[in-house]
Amino acid sequence: MDGCFIQVLNNFDLGATPISCDRYGCGHINETYLVVTQEGKRYILQKINNTIFKNTDGLMGNIEAVTTYLRQQTDDERRVMRLVKTRAGKSYLTQPDGSCWRVYVFVEDSVCLQKPETPADFYESAVAFGQFQQMLQDFPADTLYEIIPNFHNTRDRYRIFREVLQKDPMGRAKDVQPEIEFALAREKEAATLVELLEAGKLPLRVTHNDTKLNNVMLDAETRTALCVIDLDTVMPGLSLYDFGDSIRFGAATGDEDERQLDKIEMSLELFETYTKGFLSACPGLTEMEIQMLPMGAKLMTLECGVRFLTDYLDGDHYFANRREGQNLDRCRTQFKLVADMENKWEQMHAIVQKAAQG
């Protein structure tokens, strides 16, 4: 085992000598390793990307506060990520070179899927994030550090969009007028959730903000939800953000950058599957939150499309591109999903009402 890892791991109270440390998983932001000790116990070691997450204290303070609270809600150790403290009692280690490291207990007898293999897998991801909301419903969300300021502030996203559109640094605006008009036509509606939060009609909650299936651990035998992982973007927000973003990518019938838009729609079947799972696991939502679930799906999708369009107009600086025009393709799929949701609006609301009634 590399001496660097030995030096890092010796700072954590693992209870036994580590004998191996190998790269693990498919994450792109942090470096993740699987550690095995002499006694066979397994841990996840991560080198935190403090170029992206600049306030490591705020980041780890959020994770420590949330996981500590969650552990008070369950006796099952596999249902909550468990941080291993350093020997100095800290939630993470800072090395002389400035690198930051943390350790979690490995969730045994679990599986993590990149994509649903069955509708039941998608249902269980909804259960996992619904349970996350339910278990944290009384947590004081306003005490958390805002990792990404204004992340789902759609008014601010549109402000940035208009600024870039006015400057048009790449001269691309003339070629994407239909997309620009689509976005601007929905600008007023895009502020709906922000306005309801400001008016006190929606409660501030703890949100995960990265609700992909591969951030859910499933029981290896039963394939039922255990816990959610990757808590780096946990911060104050709305339950509708997590629900909406799950629908945005989970209920889409094609890839995010699909060029053939006739392949893209919002599957009502998958929308129903996720809604049932989410509401069954999170009975603590308010009536207004339940009523606004379709709006959450629509506005998270619209917001993402606007972000892709903004980045395309600005020269593709934020989202990684593997080919020319990929951000524009991404924008178009999101706007196609928004339009499809608008066509299915009454059906979406009917599905939510039925699921809410049990």
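The values are calculated or read from the model by the stated rules, or taken from the named source; none is laboratory data. Bear in mind that the values here come from a model prediction, so they are computed numbers and not experimental data. So basically every Cβ, Gly included, is an ideal-geometry build from the backbone, and we count neighbours across all protein chains shown.
Some observations on this one:
- Tally of residues being of a type in the set (A, V, I, L, M), crowded, with 22+ Cβ neighbours inside 10 Å and over 30 Å from H349 (Cβ atoms) across the range 292-327: 1
- Being over 19 Å from the mean Cα position of the chain (by Cα) and aliphatic (A, V, I, L, M) holds for only one residue in I148, I160, and it is I160.
- Some residue of the range 275-295 being within 25 Å of R330 (Cα to Cα) and of a type in the set (F, W, Y): no
- Single match in Q114, Q133 (criterion: modelled with pLDDT of 95 or more and polar (S, T, N, Q)): Q133
- Of all residues in the range 35-94, those satisfying the criterion of being in a loop (DSSP other than H, G, I, E, B) and within 19 Å of Q134 (Cβ to Cβ) are Q72, Q73, T74, D75, D76, V80, M81.
- Of the criteria (1) touching an Asp or Glu at 6+ places or on another chain (Cβ under 7 Å); (2) crowded, with 16+ Cβ neighbours inside 10 Å; (3) more than 29 Å from A220 (Cα to Cα), which one R87 fails: (2)
- Pairs with Cβ under 6 Å, 6+ apart, first in the range 204-229 and modelled with pLDDT of 95 or more, second of a type in the set (D, E) and in a strand (DSSP E or B): L226/D219
- If the condition is being touching a residue at least 24 places away in the same chain (Cβ under 8 Å), out of contact with any Ser or Thr (no Cβ under 9 Å at 6 or more places or on another chain) and basic (K, R), then the range 87-121 contributes R87, K115.
- Count - residues of the range 315-358 that are assigned to a loop (DSSP other than H, G, I, E, B) and not basic (K, R): 11
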